[in-house]
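The values are calculated or read from the model by the stated rules, or taken from the named source; none is laboratory data. Because the structure is predicted, anything quoted here is derived from the model rather than measured. Virtual Cβ from ideal backbone geometry, glycine too; neighbours counted across all protein chains shown.
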Amino acid sequence: MPTRARRRRAAPESPALRQLGQRLREARTAAGLSQGQLGAPYYTRAHVSAIELGKIRPAMKSLEHMAAKLGKPASYFMEDRQLEEKRGERAVAIARAHQLTAEGRAAEAVEILLPLLEQEQTRLERAAVLRALGRAYWEAGLGAKSATVLQEALDIYAANGNVELIARTRAQLGMALHLMLSYAEAAEHFSEALRAMARGELRDPVLKVHVLHNLGLTFYQRNQFSLALEHFERAESDGADIGDPKWLASLFAAIGMSFEQLKDYDAALAYLGKSEALFESIRNKSRVAEIRFHRGRGLLAIGHRAKGMATLSEAERLAREAGNPILETRIGMVIALAQMESGEHTAGLAGLRRVRSRADVLGDPALRAATRIIFARSLKTTAPEQAQQIVGEAEQGLREALNILEDTPGPELGEAYAELSDVLSRRGLAAEALGYSRRAFELSRR
């Protein structure tokens, strides 16, 4: 039995249909297509004309066919023009925020992005704003805020099933959690992002090497230096063709510092040297000072005391010139300890007290704890008579360090327990010393 052609009845005229037709006509004209070309091969010129005149409501299938030819989503022709204009303005604002963040002006980027969250928009559009805001918060050092908005973005993409954006957002969220010192959780997100790339859900070689680098940092922070080095070296191999001197300098520094922790000082000095040269080429004085600091420590470790002390002094000067007082204080701490170890007890002890006071003024918790741990460690290189005079000062400092570190279990807390155990043994408090020794051991096994 022959089939009868289905004819679309005219729809009642409405502003929405007229707007849809007008937008279709404008897009077709801009694309240089005739009505017949736009409809072909499935729809006639008359059908396209009727839509443009607002006389019929197109089926979604026909609208998607024409929208694809015009390089636009079908939703473009159905939405209110004012909403489309808002979307365009929002895209410009997000691009501007990305630029400001890249220029180191993250606070200004946050001011642009926050009002965008109050606008009427789709969930996916909101997620794009959240990702930009998460990056700006991270660059501003606000890890908790960054993690909060990125988790919301991740939930939106998960509900939508967009596997590529899920992986990209996980990579960002890992960085925010790393900033919060939540290294295990950060590693989980980095690993998931890498697994998505292995499955082919995301193809981005540059992002991959950055994620490998960042995952390595989470292992480094948990004292898993061999695993850290493995990921850093994978990043180096996969990123050999990436011409980003800042990233390469950071990666070489991480490799060098891992070798330093593994006591392969020759390899450490080689990579730290390459890192320092790259940071010098981009005129990043603060990072040059940091790398020179590690090179100085490596030179001391292999017995080149004069060269090591000269390198540390130069690093301290660079840190001061770069306006990095925390790094300057850390370097001063290592110089003072090296003086103690070489028998310059008077100068070393004065230096340790000086950096401890400076750390208190700066108010950085990790630095305050570190200066107290190092002061106690200096007892091991001090003559017995002099050590007995400062053991009480060392004990007090270590108890202060424990108060600072008690909410952040990690290697620094373990060091504080171990040093306090040693100090208490010196004072004849064997039972209490044993208790702190056990705590240090338990932390080392985690």
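Some notes on this structure:
- Restricting the first member to the stretch 256-272 and to residues that are without any contact (Cβ under 8 Å) to a residue 60 or more places away in the chain and assigned to a helix (DSSP H, G or I), and the second to residues that are of a type in the set (Val, Ile, Thr) and surrounded by fewer than 21 Cβ atoms within 10 Å (Cβ to Cβ), the beta-carbon pairs closer than 9 Å and six or more apart or on different chains are Tyr265/Ile302; Asp266/Ile302; Leu269/Ile302.
- The listed residues are Glu120, Glu125, and the only one of them that is among the charged types (D, E, K, R) and over 18 Å from Leu154 (Cβ atoms) turns out to be Glu120.
- Screening Ala306, Ala315, Ala310 for residues that are surrounded by 21 or more Cβ atoms within 10 Å (Cβ to Cβ) and in a helix (DSSP H, G or I) leaves exactly one candidate, Ala315.
For (1) surrounded by fewer than 18 Cβ atoms within 10 Å (Cβ to Cβ); (2) in contact (Cβ under 8 Å) with a residue 12 or more places away in the chain; (3) β-branched (Val, Ile, Thr); (4) closer than 21 Å to Trp247 by Cβ, each residue gets a yes or a no:
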residue	(1), (2), (3), (4)
Leu113	no, yes, no, no
Leu117	yes, yes, no, no
Arg123	yes, yes, no, no
Trp138	no, yes, no, yes
Tyr157	no, yes, no, no
Arg168	no, yes, no, yes
Gln172	no, yes, no, yes
Ala176	no, yes, no, yes
Glu185	yes, no, no, no
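- Helices (runs of 4 or more DSSP H) within the stretch 336-446 that include 3 or more residues closer than 24 Å to Gly296 by Cα and aliphatic (A, V, I, L, M): 345-362, 365-377
- Selection status of Ser378, in contact with a helix residue (DSSP H, G or I) (Cβ under 7 Å, 6 or more places away or on another chain), free of Cβ contacts under 8 Å to residues at least 60 places away in the same chain and more than 20 Å from Arg354 (Cβ to Cβ): no
- Residue match in the stretch 168-181 (condition: at pLDDT below 95, among the β-branched types (Val, Ile, Thr), in a helix (DSSP H, G or I) and under 22 Å from Lys208 (Cα atoms)): no
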